[in-house]
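For reference, the structure is listed below as structure tokens.
FYI, it's all coordinate maths here, none of it is from the lab. Source: prediction; values computed, not measured. Cβ coordinates were reconstructed from backbone atoms using ideal geometry, including for glycine residues, and neighbour counts include every protein chain displayed.
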Amino acid sequence: MAQEILCEVKNCKFWSSGNKCSAKSIYVVSQNGNMAESSAETDCKTFAPRD
């Protein structure tokens, strides 16, 4: 299944030209460990700063 994952965090090591995410998978969690009701209540744990 083809998926397009977009990212605007240019200091992430997985950021690619065109705001594409080059990570093989992504991991997103809710901030409080419960069900999130909006995207503002989530965090991407895949993020890693560029070297």
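Values computed for the structure shown
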quantity	calculated
Phi-based couplings in Hz for region 39-51 (Karplus 6.51, -1.76, 1.60; Gly and Pro marked x)	5, 5, 9, 10, 9, 8, 7, 6, 3, 9, x, 5, 6
Cβ-derived FRET efficiency at R0 22 Å, K13 paired with E41, nearest 0.05	0.35
Options I26, T46, F14, ranked by Cα towards positive dipole end of the chain, top entry (Cβ charges)	F14
In sequence order, calculated HN-Hα J values of region 13-30 (Karplus, 6.51, -1.76, 1.60; Hz; x Gly/Pro)	5, 9, 6, 10, 3, x, 6, 9, 8, 9, 5, 5, 8, 10, 10, 10, 10, 7
Residues whose placed amide H lies under 5 Å from that of T42, excluding near-sequence neighbours	Q31
